[in-house]
Structures are given as structure tokens and as C-alpha cells.
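Here the structure comes first, spelled out in C-alpha cells, and everything after it is commentary.
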Amino acid sequence: MKTPKPVNQKSVYHSWGDLYAKIMDEEIDPTRAEVAIGALQGMNRTFALEVKRAEVTHEAMRVVEIKNFEEQNGN
């Protein structure tokens with residue numbers, strides 16, 4: 001089964017909830033859960049840094065979630 005990719009803050013939040021439910025229901029290996037948590041934390045850190053950049057520079061937040069990075073990497 002392919003896992004949906006979080007694409008914005010709302011889906012990152014839902015991913016945290018889904019991961020928590022799987023951990024509590026013992027449906028996921030703890031090692032795999034730690035890796036998933038690390039990835040979600042990285043996504044949240046990136047968002048928090050963008051919020052801080054927008055506050056410091058008094059600019060509008062860039063919407064990185066709509067950028068098509070796959071095309072830039074040749075995929």
C-alpha cells in the first residue's frame with residue numbers, strides 16, 4: 001500500500017494523528033515510527049522557519065507546498 005505524501009501543514013498534522021493511532025494500536029514497528037516522526041519534524045521545522053522568515057522580513061509567506069520540485073530534479 002502506498003502511503004499518501006503530506007503536502008501542506010494540514011496533511012502533516014493528519015499524518016501525525018495517523019502515526020499516533022498506529023503506534024497506540026501497535027500497528028507499526030517502533031523503529032519505523034521513529035523514522036516517520038523525524039521526517040514529520042523536519043517538515044514542521046521547515047514551516048516554522050518560513051513563518052519566522054516572513055515575520056522578520058515583513059514579507060508574505062512563500063507557499064512552498066505548491067512548488068513542483070519533482071520537475072526540477074528531473075523526475
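Within region 1-36, being exposed (fewer than 15 other Cβ atoms within 10 Å of the Cβ), without any contact (Cβ under 8 Å) to a residue 40 or more places away in the chain and among the aliphatic types (A, V, I, L, M) holds for Met1, Ala21, Met24, Val35.
For the criterion of being at pLDDT below 65 and either touching a helix residue (DSSP H, G or I) at 6+ places or on another chain (Cβ under 7 Å) or outside any helix (DSSP H, G or I) (or both), Asn75 passes. Go through region 15-45 and give me each residue that's of a type in the set (Asp, Glu), under 17 Å from Lys2 (Cα atoms) and either in contact with a helix residue (DSSP H, G or I) (Cβ under 6 Å, 6 or more places away or on another chain) or in a helix (DSSP H, G or I) (or both). Once the filter is applied, which keeps residues that are of a type in the set (Asp, Glu), under 17 Å from Lys2 (Cα atoms) and either in contact with a helix residue (DSSP H, G or I) (Cβ under 6 Å, 6 or more places away or on another chain) or in a helix (DSSP H, G or I) (or both), region 15-45 yields only Asp18. Checked against (1) exposed (fewer than 11 other Cβ atoms within 10 Å of the Cβ); (2) modelled with pLDDT under 85; (3) under 15 Å from the mean Cα position of the chain (by Cα); (4) aliphatic (A, V, I, L, M), Leu49 passes all but condition (2).
The values are calculated or read from the model by the stated rules, or taken from the named source; none is laboratory data. Bear in mind that the values here come from a model prediction, so they are computed numbers and not experimental data. Note that each Cβ is placed from the backbone with ideal geometry, even for glycine, and that neighbours are counted across all protein chains shown.
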